[in-house]
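Step one of this worksheet: look at the structure below.
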């Protein structure tokens, strides 16, 4: 018999997509199991070869609350999550990055907020960098071409009075004292109401890596579901753990995601020439950043 058996149907099903995430994934899983709630953790593994799969399998062998889905290859973040959603039993589903560690009481706090706000379909927490600062992206607006231009050119840093209406990330704004409605939260921590998931559907699998979380937030908003940011719940995100060795690969899919998001939600509002300029800007930025990344690796 396993050391731990689930006592009842889980209140929360946590889904963690793993691809060579290293030892941090063990801390992520354990932080969910230590939440004090009835939980299950489903690790959807995309063909990891760094030993992280074996670490998680050892946890699953000792604790029936942990299960592993072996996808056999890298299916991407969206597809791997969607496969795991089909196996979830909880009333709430948590999408958690493998390098994101919940702080004590965080999960119970966000679950309580969703229970108290039936109009909300999704909630996120305060995501911190390892140094304790708020991580960009855990509360944000949906990006527009103008907001993205302000962000990428750093106008939002040097001329804040110009860029303020166009800000994407809100981490320089004062923290609210209570749960606050936002347009988007980070894919590192997303707690979803099952009813909302059944209505909106899972991630768009045309995204492979990056921007699928923004797409999901936009679709939740389109269906009338509120998205909440909960400042009193905290998690620490050791960002980029599984992507450090593949900078150009990650940049490619990030910019591919940007292009898809723009085409899907915003291109209809603009003229064909403007849309062409946006695409040139996206892929021109990719070329510059990818070239810089390659030069850094050659040094």
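All of the numbers you see were taken from the coordinates with simple rules; none came from a lab. Bear in mind that the values here come from a model prediction, so they are computed numbers and not experimental data. A quick note on method: Cβ atoms are made from the backbone with ideal geometry, for glycine too, and the neighbour counts reach across all protein chains shown.
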Suppose we filter the range 240-299 for residues that are loosely packed, with under 12 Cβ neighbours inside 10 Å, within 18 Å of the chain's Cα centre (by Cα) and without any contact (Cβ under 8 Å) to a residue 40 or more places away in the chain; how many remain?
1
Before we move on, is residue 49 farther than 21 Å from residue 219 by Cα and either assigned to a strand (DSSP E or B) or in contact (Cβ under 8 Å) with a residue 60 or more places away in the chain (or both)?
no
Is at least one residue of the range 181-195 in a helix (DSSP H, G or I) and either surrounded by fewer than 18 Cβ atoms within 10 Å (Cβ to Cβ) or without any contact (Cβ under 8 Å) to a residue 24 or more places away in the chain (or both)?
yes
What number of residues in the range 20-31 are surrounded by fewer than 24 Cβ atoms within 10 Å (Cβ to Cβ) and assigned to a loop (DSSP other than H, G, I, E, B)?
3
